[in-house]
Every structure is written in C-alpha cells, then in structure tokens.
1. Condition (residue is part of a helix (DSSP H, G or I) and either open to solvent by 70 Å² or more (accessible area, probe 1.4 Å) or modelled with pLDDT under 95 (or both)) applied to region 50-60: is it met by at least one residue?
2. For region 238-257, how many residues are touching a residue at least 60 places away in the same chain (Cβ under 8 Å) and more than 34 Å from the chain's Cα centre (by Cα)?
3. Could we say that Y191 is of a type in the set (S, T, Y) and open to solvent by less than 60 Å² (accessible area, probe 1.4 Å) here?
4. Taking the stated definitions as given, is K176 assigned to a helix (DSSP H, G or I), closer than 16 Å to G242 by Cα and open to solvent by 20 Å² or more (accessible area, probe 1.4 Å)?
5. At least 3 residues that are within 23 Å of E197 (Cβ to Cβ) and open to solvent by 20 Å² or more (accessible area, probe 1.4 Å) in each: list the strands (runs of 3 or more DSSP E) lying fully within region 92-149 that qualify.
6. In region 5-43, how many residues are open to solvent by less than 80 Å² (accessible area, probe 1.4 Å) and not in a helix (DSSP H, G or I)?
Amino acid sequence: MIHNMELYQVFYITAKAGSLSKAADELFVTQPAVTHSIKQLEAKLGGQLFFRTSRGVTLTTEGRELFTYIEQAYHFILNGERKIMEMHQLTHGEVKIGAGDTLCKHFLLPHLKQFHESFPKVKIQVTNRTTTETITLLKEGKIDLGIVNLPISDPHISIQESIVIHDCFLTGAAYKQLAEIPISLQKLLEYPIILLEKGSSTRAYLDHFAEEHGLSMKPEIELGSVDLLIEFARNGFGIACGIREFVNQELLDETLYEIQLTTPIPARKVGIIKLKSTPLSAAATHVYDTLRQM
C-alpha cells in the first residue's frame, strides 16, 4: 500500500537538497515539520533513510535504494504535468470526430484546415459514418464529437444546432426543362430519381417527407455518397436529391439545375453532438467551440 504521497515528496526534496533546512525552505514548511515527515516515513518503512552529518543529511543504503524509485516516479509525474499543460496549450493532444462524407467535406473540413494550421501538433482523426453510426460511435466512446444531420433525439447526447440546410432536387442538362417552373412531388417522381441508400438520416427524412404526401420514394438508382448522386445527375442518369448550400457554385455555373417543388422540403439543421456525461479534452473543446460559433 502506498503511504501518504507528501511523505515521499519530503523525502525526495530532502535527498536532493542534502539539508533539512533547505528542504524546509523549498517546501515552505518548518524544519521540524520536515524532520517529523521523514521520521513518519522511516517508521512506516521500518528503517533509517538518512544519516545526519556536519553539512546536513545523507542517504543510507536503504535511502539510496528508495531514492532511485522515487526519482523515477517524480519525473513521471513531472512529465504527466507537462503533457497536460501541452494539451491545454494545444501543443499536444488528439481530437476524434465522426461525420458523414458530405458534412465532412462541406462543413467540417474548412474549419479543421484552419485548426490544423493553428495547432499542427494536435492529431485529428475523422471517421466517416452516417448520422446513426456516428451517434453509436459517440456513445461507445470512440469519438469525441459528431457532426450529424438533425433532427435526432437522445437523452445522453448534447446537441448544438448549427447551420440550416435545404434538401433539394437537382439535375444536369438532361432534365433541365423541369427546373423552369415548380412541379409537384408526385409529378417529379414520374422521372428517374437518384437517392442515398436506406440507412442514412437523409434518406429517412426524404422518405418521411414523401409519406406525408401519400407518396413513396422508389429510386431508379441508390448510392452511398451524395457526391456520387450529384455526378450521376450531372451525367444525365436522373434527378438527385442534394443540399442546396453545398452546390451553390454548380448552380451558379449552370452545371446543375434546381427543380423547385410546389411544396418544398422543410429545412433541416446540422448538429454538433457530444456526450453529456463526458468532459471534452482541451483540443476537442476548442474544435467544438469553433464549430458552435459558426
């Protein structure tokens, strides 16, 4: 059993100083307090640790043996303190983030780039998963933060709402005539539709939207990436559902065209999530605050 750690501190400082009075000065206590602590430790260990000399004190054989271990432990503690300080100063540490491909590319990456340039020694690990999978990783402790599509609800998770996004139907030149005037969802679904595979929160949101209108999404093509959806639509395979805020340049360049619905898909929000029960590291806190303040 480890005895009072303060006794070992007094022992170590006294051994380094070679003097009871110098150790007392360094520890900001009285010399009798140092003497008492050493006697306590000697009593607990069952042997003498110091000899008194005309110049102060010197270690006994047992004292020298103990000192070799205490010195190692002392340096481990100092290294631990230094690492913690480095982590708080963001000169060391790691941040683990979960996000889907689209949110990672268009939402997370621009801010991570700035963070990495400011704090290059902090390791960043990004895991690409769907919103549902990201929530699971967070609750398993495998990531610090998640970037997800809202809405979600979980009593164990803290949710910070961020930017508003608008799901919209997009096409290339093949069906650009559909972009001339708003059309109903029912009419749109008569054309080949390209959607994300089932299992993503985005696909579930679109399926729910269709169901509310008494319709069913029956895509011609299902893919695992929004970027692939856009490319397939651009190349004439059909009409894809993407996020307007992430294709602004393509819409301006007219490489994509937005098909307006008579009843638009309700807007959603991006969420930044973390566990309520687990405090974030200094690096993860910095990333979280940066994203939260967008």
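The values are calculated or read from the model by the stated rules, or taken from the named source; none is laboratory data. Note that the structure is a prediction, hence the values are computed from the model and not measured. No Cβ is skipped: glycine too gets one built from the backbone with ideal geometry, and neighbour counts run over all protein chains shown. In case anyone asks, the SASA skips ligands and DNA or RNA and just uses the protein heavy atoms, side chains included. Shrake-Rupley method; radii C 1.70, N 1.55, O 1.52, S 1.80 Å.
1. No.
2. Final tally of qualifying residues: 4.
3. Taking the combined requirement at face value, the residue does not satisfy it.
4. yes
5. 123-128
6. Qualifying residue count for the region: 3.
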